[in-house]
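Undergrad: My questions will all concern the structure given below.
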Amino acid sequence: MQENQNNKIYEEQFLLLAFISVVTFKIVMLPQYFIKTASNNSYMIMAYLIAVEIMMLAIVYGIVKNGSLLEQNIPKWLKGIFALLVFSSSVIKATVLGSEGVAYIATSLYDNVSWTFVTLALLLTCVYLAQKGGKVIARSAQLFFWIIAFAMLFYLIFSNLNLELLNLMPFKISGDLAVAGDKYLIWFGDFTPLLFVSVTPSRNRGKKRLGFWTAAAVVGTLVCTVGLMVIFISTFGDAGQVIGNAFLNVSSLNRISFMIGSADLPTVLSWLVMCVIKFSLLLFAMTECAKFFFGKKAWVSVICGVIIYFIICYGIGNLKTNYDLATSWLRYFAFFAEFIVTIAAYIAMRICEKKNQNNQPSECNNADNCPAQTDQLQGEI
């Protein structure tokens, strides 16, 4: 029961985790890769794939509001298949996206620090959060959300962009968009880790309040991904294909930087927070899947962290190798595993719910014993 409580989060926390999960690694190297393949129209494929992710997150929410994936009343053998698929997908994503994050920290924040030290520091923090569970990860995201909000406000106030909207032209839908979408699939499909939390209504629950935060999360996701892509293309044009770290290069164009030098600290801090939360979610998903087979032992999360550490540091080690891995056939497995697990889990949940309803007595003499009236998701968070 305590383990279940450790993974319970509020609706607003779910929306914040969904925002961070979707946005974090789509604003680093992906804009550069997209421009290489789809040129100035690459924002269209970004918009399309983001829209698909948002729709899939709605399905995820439909599942976890009734409990986490491993708590669902579905056959155990099916849970085992889901756990294997999510574990494998999370390993691929954690190594590819983690390598991208480590490369950024090692080269942009420091003077070519060894990947081994950066990866170790990052993993120590993320393994701890993963072991603590979804509730601690969500609370951490809530606490550091204000850094993200401050960075966005700082950028809006002091932005000094010189946008050339002609860089977005000509507007055309070509095969290059499909090629780009196919080649960089691994950067999309960021929702299965959220299947392992359980969402419960917040104390201040209200349709208007939840509607506001839902709209804010959707708009924020579109602005930070598609909006950044449009700004990046309008600012750098075709030169964007040789400019990495899109969010950093765009945010560095502010009035403060022109007066006193570099002033991108708020943006860098906000992205580091998002990186830690995103990486923790992937390790959390791996840990929950491993615990399904090996039991709820503390060493499980440590083993997951060790696996990721050795793959990043000794199996990948540089961005070129990471790019080759990300664009290999593994992208299909990682991407479609996300969809297969989510859709199959939702269908299985609905089928089992219907069977249970058909097997229940037509009348319930005691309201306290009636499953339909029992809110299993309530609990102190």
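A quick yes/no check of all residues on (1) farther than 30 Å from Q5 by Cβ; (2) open to solvent by less than 20 Å² (accessible area, probe 1.4 Å); (3) in a helix (DSSP H, G or I); (4) touching a residue at least 24 places away in the same chain (Cβ under 8 Å):
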{"site": "L269", "(1), (2), (3), (4)": "yes, no, yes, yes"}
{"site": "V276", "(1), (2), (3), (4)": "no, no, yes, yes"}
{"site": "Y314", "(1), (2), (3), (4)": "yes, no, yes, no"}
{"site": "F333", "(1), (2), (3), (4)": "yes, no, yes, yes"}
{"site": "E338", "(1), (2), (3), (4)": "no, yes, yes, yes"}
{"site": "V341", "(1), (2), (3), (4)": "no, yes, yes, yes"}
{"site": "A345", "(1), (2), (3), (4)": "no, yes, yes, yes"}
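Undergrad: Hey, among G134, G62, G67, which residue is open to solvent by less than 80 Å² (accessible area, probe 1.4 Å), within 26 Å of Y48 (Cβ to Cβ) and out of contact with any Asp or Glu (no Cβ under 8 Å at 6 or more places or on another chain)?
TA: The match here is G62.
So that you can scan it fast, the table gives a plain yes or no per residue for (1) surrounded by fewer than 21 Cβ atoms within 10 Å (Cβ to Cβ); (2) free of Cβ contacts under 8 Å to residues at least 12 places away in the same chain; (3) under 15 Å from A51 (Cβ atoms):
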position: S174; (1), (2), (3): yes, no, no
position: D190; (1), (2), (3): no, no, yes
position: L194; (1), (2), (3): no, no, no
position: P201; (1), (2), (3): yes, no, no
position: K207; (1), (2), (3): yes, yes, no
position: W213; (1), (2), (3): yes, no, no
position: C224; (1), (2), (3): no, no, yes
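Undergrad: Quick one: would you say T327 is in contact with a helix residue (DSSP H, G or I) (Cβ under 7 Å, 6 or more places away or on another chain), modelled with pLDDT under 95 and surrounded by fewer than 19 Cβ atoms within 10 Å (Cβ to Cβ)?
TA: For T327, the condition - in contact with a helix residue (DSSP H, G or I) (Cβ under 7 Å, 6 or more places away or on another chain), modelled with pLDDT under 95 and surrounded by fewer than 19 Cβ atoms within 10 Å (Cβ to Cβ) - is met.
Undergrad: Yes or no: K297 free of Cβ contacts under 8 Å to residues at least 40 places away in the same chain, of a type outside the set (D, E) and within 25 Å of T125 (Cβ to Cβ)?
TA: yes
Undergrad: Against the condition open to solvent by 10 Å² or more (accessible area, probe 1.4 Å) and outside any helix (DSSP H, G or I), how does K291 come out, does it pass?
TA: no
Undergrad: Okay, moving on. Sort through L85, L122 and tell me the only one that's open to solvent by 20 Å² or more (accessible area, probe 1.4 Å), part of a helix (DSSP H, G or I) and in contact with a helix residue (DSSP H, G or I) (Cβ under 7 Å, 6 or more places away or on another chain).
TA: Exactly one of L85, L122 is open to solvent by 20 Å² or more (accessible area, probe 1.4 Å), part of a helix (DSSP H, G or I) and in contact with a helix residue (DSSP H, G or I) (Cβ under 7 Å, 6 or more places away or on another chain), namely L85.
Undergrad: With respect to Y48, determine if the residue is in contact with a Phe, Trp or Tyr (Cβ under 6 Å, 6 or more places away or on another chain), closer than 28 Å to G175 by Cα and not aliphatic (A, V, I, L, M).
TA: no
Undergrad: Quick check on the stretch 137-172: of everything there that is over 26 Å from Q13 (Cβ atoms) and open to solvent by less than 40 Å² (accessible area, probe 1.4 Å), which residue is modelled with the highest pLDDT?
TA: Of everything passing the filter in the stretch 137-172, L168 is modelled with the highest pLDDT.
Undergrad: Right, here's the next one. Looking at the stretch 127-135, can you tell me whether even one residue there is at pLDDT 90 or above, under 21 Å from L269 (Cβ atoms), part of a helix (DSSP H, G or I) and among the polar types (S, T, N, Q)?
TA: Checked the stretch 127-135: no residue is at pLDDT 90 or above, under 21 Å from L269 (Cβ atoms), part of a helix (DSSP H, G or I) and among the polar types (S, T, N, Q).
Undergrad: Could you check the stretch 200-255 for helices (runs of 4 or more DSSP H) lying wholly inside it with 1 or more residues that are more than 21 Å from I148 (Cβ to Cβ) and touching a helix residue (DSSP H, G or I) at 6+ places or on another chain (Cβ under 6 Å)?
TA: 228-236
The values are calculated or read from the model by the stated rules, or taken from the named source; none is laboratory data. Quick caveat, the model's predicted, so the values are computed rather than measured. Don't worry about glycine lacking a Cβ; one is built from the backbone with ideal geometry, like all the others, and counts go over all protein chains shown. Accessible surface is based on the protein model in full, side chains and every heavy atom, while ligands, DNA and RNA are left aside. Shrake-Rupley method; radii C 1.70, N 1.55, O 1.52, S 1.80 Å.
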